[in-house]
Amino acid sequence: MTRKRHIVLRSLIWLGGAAVLGAIAAVVGTIVVLLTLGRDLPDYKQLATYDPPVLSRVHAGDGSLLTEFAREKRLFIPIESVPRHVIAAFLSAEDKNFYEHSGVDFTGVLRAALVNVRNVVAGRRPVGASTITQQVAKNFLLTNEVSIERKIKEAILAFRIERAYSKDHILELYLNQILFGHGSYGLAAAALNYFDKAVDELTLAEAAYLAALPKAPYNYDPVRHHAAAIARRNWVLARMHENGYISKEEMQAAQAEPLGVRPRTLEHRFRADYFVEEVRRELVERYGAATLYDGGLSVRTTLEPRLEAIAETALRQGLITYDRRHGWRGPITRRSTSGDWATRLANVPQPLGIESWRLALVHDVRAQGAVIGFADRSFGLIPFSEMQWARPWRPGQRVGPAPKDPGEVLHVGDVIAVEPLGTAAEGVTLDDFFTADGEAVGQVPAYGLRQVPDIEGALVALDPHTGRVLAMVGGFDFSLSQFNRATQARRQPGSAFKPFVYTAALEAGFTPSSLVLDAPFVIDQGEGQGKWKPRNSSNRFYGPSTLRLGLEKSRNLMTVRVAQYIGMQRVIDVARRFGLGADMKPTLAHALGAGEVTPLELTSAYAMFVNGGKRIHPTLIDRIQDRHGRTIYRHDTRPCPGCDAAEWTGQPPPEIPDDREQIVDPRIAYQIVHMLEGVVQRGTGRRIGTLGIPLAGKTGTTNDAFDTWFVGFSPDLAVGVFVGFDQPRSLGPGEEGSSAAAPIFRQFMAEALKGQPPIPFRIPEGIRLVRVSATTGLPARPGEKNVILEAFIPGTEPDPSKVAVLDGPGSLGQEGTLRKGTGGLY
């Protein structure tokens, strides 16, 4: 017996020693593991300066949202701005002991272990016990690898993070980093994308649903898994009640609410695709793609949505109008009308550029028009009156004869683009066509035949005093072509360049009444180059004419003669002062606009006439702020002492200095404005003058009408319009700036200035207005007709009593010919 006790005692001693050694080994092993795994962990100190990728937002001048740029759609929200009930929802869903534990919730780990034993037996998925701090460690510093090693590292980092940062900072990191599904990163973005609300507007039920998402965002999708989403939300609400955050009545009321997900609306987002893309390019060039897409910039642009909408409509309608003048190019494709025709039509790829129109299939062609069907099996009619424009297109932008009946335009099986007219087809009922239910179609809506223009164009509108671009449209449709013709298309301005030649002439001593000979002009271009013989667009010669008349009627021969006399270097100097002519050569062809400019450059140059000859720099951006609200760029850098006053207490308004460079005498700038006003009243821009408001501008047409322009202004708005093919070719017989571009300018100005009192052009000091003959430029005699007011710098007015001789090369005119009163070149 004694021996047995001795053996048992020895065994117990051995087992106890083994247990102690095992415990020591376990402790040592744990320490070794912790030291080993903890040695190469990421530096958690980076969390002190957390700058998550945040989306950048671009706003119009009136605050309307234009677009957002982001790789992760995240908006940062400080923890102080998160309501208590929202925090309570996340703590109840994810980590109810968050404010008690030190990084790892051992009670939660034990509870999860017991639950997982039951789950394994029942064949259910195991549950986790990661705290919010552990999730921060994983999301910021580790990978999503599923392993014991990663969990240990996660726990070590959690302890370290808890010692380094406050609980509120850790919770702020968590709420701004996690993914809520559907591209929503962070709480603020999720509130917007799921409920179209700011975080402080969330109801109890909405907060509970958002708190339910981080565990498995796509398992609780509000559409695909609606029942599971409600169940998970209600579970969160129950946990909130259990944890004492809400009462039973509040829980039950919230659980009874529908899910109420309301995707973010774009009602306050304004589309300006060409403008926005130009802003994006500028931001990338200025700050780089990483800052744009992750840096949380707030960009206030110069865009005025009302003017942008007018510009888009005017340009689209102008291009369509030109395109219709040059004929119908045929259907998009063809499909059979038998059997399941609607499915075949629905499978036709949507052509670019017709988003605002509908695809239709021609079912019948009759005297009244063409019967068309749509993919939804509805029907309509294109009246013959809506296809009479559709003369067959011919090469060279020519057209065939006008159609005499619908059958000459459309055929059964044609797939075409149409636009609803908003009215019923008069006097037509389709009793021989039937709906899907077998009933006669009867009366149908009327549609117009449409086609996407193959012509392109651009329109730019800017403030001539500041250079702020108020509207920019770079083409017919951004989905059709992202090439921005307003800023990227370098085309010849043609006659739209002439005001700069005449500016140089005025600086050289000419006046608007100076006479210049309009007669044949020939110059030898050198050996083997032949002779250059410019001509007027009318192919006629008009003899001695005033400088004003040369600009109003866009006389090429007068312009070349003036340029040769004053010297092309003087013309180039003027052009460069106005931001043009960087690549100009001292050849006379450049006096007629043979150089290349963009519509934005040319419009900015014209703006410097109407603002009194002050240099401006066109800009699309007013101000840029970083993610912390600090202004890092401002277009207007002028000092403004007193502009930051908290209130008005009778003090005078701040005086802001005008630091714009004077690039031309303001009196000469006004003389050009006054002459360009004559272009609209009596010259090539007469169709614009019918608006009856103070406007000025100039047409531009290059050889064979490859490029057409109208650039002009009111006293406070400068606008440029370009129309041409992307692959330069003629716009066709009879087309020029006055027919292709001027109508677009006219429509834009009519709408942009509607309801505004007419403002006359501002006359600077040092200008004298004199009544002169519009034909001779001499002071008007009593009772004389065809009289205009001409602007002169004092001392340059014509005097009929004076006679002078012009000395100049014979090619300028008839050498030694007398000039009376007005002076000039003839």
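The values are calculated or read from the model by the stated rules, or taken from the named source; none is laboratory data. Quick caveat: nothing in here was measured; it's all calculated off a predicted structure. Note that each Cβ is placed from the backbone with ideal geometry, even for glycine, and that neighbours are counted across all protein chains shown. With ligands, DNA and RNA removed, areas are computed over all heavy atoms of the protein, side chains included. Shrake-Rupley method; radii C 1.70, N 1.55, O 1.52, S 1.80 Å.
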Helices (runs of 4 or more DSSP H) lying entirely in segment 513-600 (those with 1 or more residues that are free of Cβ contacts under 8 Å to residues at least 40 places away in the same chain): 556-566, 568-577
Residue in segment 617-636 that is buried (at least 20 other Cβ atoms within 10 Å of the Cβ), out of contact with any Lys or Arg (no Cβ under 7 Å at 6 or more places or on another chain) and outside any loop (DSSP other than H, G, I, E, B) present: yes
Contacts under 6 angstrom Cβ, first residue in segment 449-475 being assigned to a loop (DSSP other than H, G, I, E, B), partner basic (Lys, Arg), 6 or more apart: 474/485; 475/485
Matching entry among 715, 758, 743, 733 (being in contact with a Lys or Arg (Cβ under 8 Å, 6 or more places away or on another chain) and at pLDDT below 95): 733
Only listed residue being open to solvent by 40 Å² or more (accessible area, probe 1.4 Å) and within 33 Å of the chain's Cα centre (by Cα), chosen from 220, 185, 194: 185
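Go through segment 388-417 and give me each residue that's acidic (Asp, Glu) and assigned to a strand (DSSP E or B). Outline the logic, then answer.
Filtering segment 388-417 for residues acidic (Asp, Glu) gives 405, 408, 414.
414 - this is the single residue of segment 388-417 that is acidic (Asp, Glu) and assigned to a strand (DSSP E or B).
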Filter pass, residue 305 being under 21 Å from residue 390 (Cα atoms), touching an Asp or Glu at 6+ places or on another chain (Cβ under 7 Å) and of a type outside the set (D, E, K, R): no
Residue identified as modelled with pLDDT under 95, hydroxyl-bearing (Ser, Thr, Tyr) and not in a helix (DSSP H, G or I) among 385, 356: 356
Filter result (among the basic types (Lys, Arg) and closer than 24 Å to residue 776 by Cβ) within segment 532-574: 540, 548, 553, 555, 561
Hits in segment 715-772 (condition: free of Cβ contacts under 8 Å to residues at least 40 places away in the same chain and under 17 Å from residue 675 (Cα atoms)): 768, 769, 770, 771
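Out of 766, 783, which single residue is touching a Lys or Arg at 6+ places or on another chain (Cβ under 7 Å) and part of a loop (DSSP other than H, G, I, E, B)?
Exactly one of 766, 783 is touching a Lys or Arg at 6+ places or on another chain (Cβ under 7 Å) and part of a loop (DSSP other than H, G, I, E, B), namely 766.
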Scope segment 46-64; condition of a type outside the set (Ser, Thr, Tyr), open to solvent by less than 20 Å² (accessible area, probe 1.4 Å) and within 33 Å of the chain's Cα centre (by Cα); matching residues: 52, 54, 55, 58, 60
In segment 445-470, the residues that are under 12 Å from residue 599 (Cβ atoms) and surrounded by 24 or more Cβ atoms within 10 Å (Cβ to Cβ): 457, 458, 459, 460, 461, 462, 469
Any hit, segment 332-353, residues being under 35 Å from the mean Cα position of the chain (by Cα), over 28 Å from residue 734 (Cα atoms) and acidic (Asp, Glu): no
Residue count for segment 392-410, restricted to those that are in contact (Cβ under 8 Å) with a residue 60 or more places away in the chain and either surrounded by fewer than 20 Cβ atoms within 10 Å (Cβ to Cβ) or more than 23 Å from residue 354 (Cβ to Cβ) (or both): 7
Residue pairs meeting the criteria (Cβ under 6 Å; at least 6 apart or on separate chains; first over 7 Å from residue 413 (Cα atoms), in segment 325-338; second β-branched (Val, Ile, Thr) and open to solvent by less than 30 Å² (accessible area, probe 1.4 Å)): 331/415; 331/416; 332/415; 333/415
Residues of segment 707-737 satisfying the condition of being more than 27 Å from the chain's Cα centre (by Cα) and within 19 Å of residue 459 (Cα to Cα): 731, 735, 736
Considering residues of segment 353-368 that are open to solvent by less than 40 Å² (accessible area, probe 1.4 Å) and in contact (Cβ under 8 Å) with a residue 60 or more places away in the chain only, the residue farthest from residue 412 (Cα to Cα): 353
Subset of segment 369-383 [open to solvent by less than 10 Å² (accessible area, probe 1.4 Å), under 37 Å from the mean Cα position of the chain (by Cα) and closer than 27 Å to residue 480 by Cβ]: 372, 373, 374, 380, 382
Number of the exception - residue 577 against (1) open to solvent by 40 Å² or more (accessible area, probe 1.4 Å); (2) among the basic types (Lys, Arg); (3) over 33 Å from the mean Cα position of the chain (by Cα): (3)
Count of segment 53-109 residues which are under 26 Å from residue 163 (Cα atoms) and not in a helix (DSSP H, G or I): 17
Residue 420 vs. criteria open to solvent by 50 Å² or more (accessible area, probe 1.4 Å) and not in a loop (DSSP other than H, G, I, E, B): yes
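So how many residues does segment 524-574 have that are of a type outside the set (D, E, K, R) and open to solvent by 10 Å² or more (accessible area, probe 1.4 Å)?
Keep residues of segment 524-574 that are of a type outside the set (D, E, K, R), which gives 525-526, 528-530, 532, 534, 536-539, 541-547, 549-551, 554, 556-560, 562-569, 571-572, 574.
Pick out the ones that are also open to solvent by 10 Å² or more (accessible area, probe 1.4 Å) and you get 525-526, 528-530, 532, 534, 537-539, 541-544, 549, 554, 556, 564-569.
So the count comes out to 23.
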Which numbered condition residue 139 fails, given (1) at pLDDT below 90; (2) open to solvent by less than 40 Å² (accessible area, probe 1.4 Å); (3) polar (S, T, N, Q): (2)
Within segment 423-433, considering residues that are touching a strand residue (DSSP E or B) at 6+ places or on another chain (Cβ under 6 Å) and at pLDDT below 70, the one surrounded by the most Cβ atoms within 10 Å (Cβ to Cβ): 433
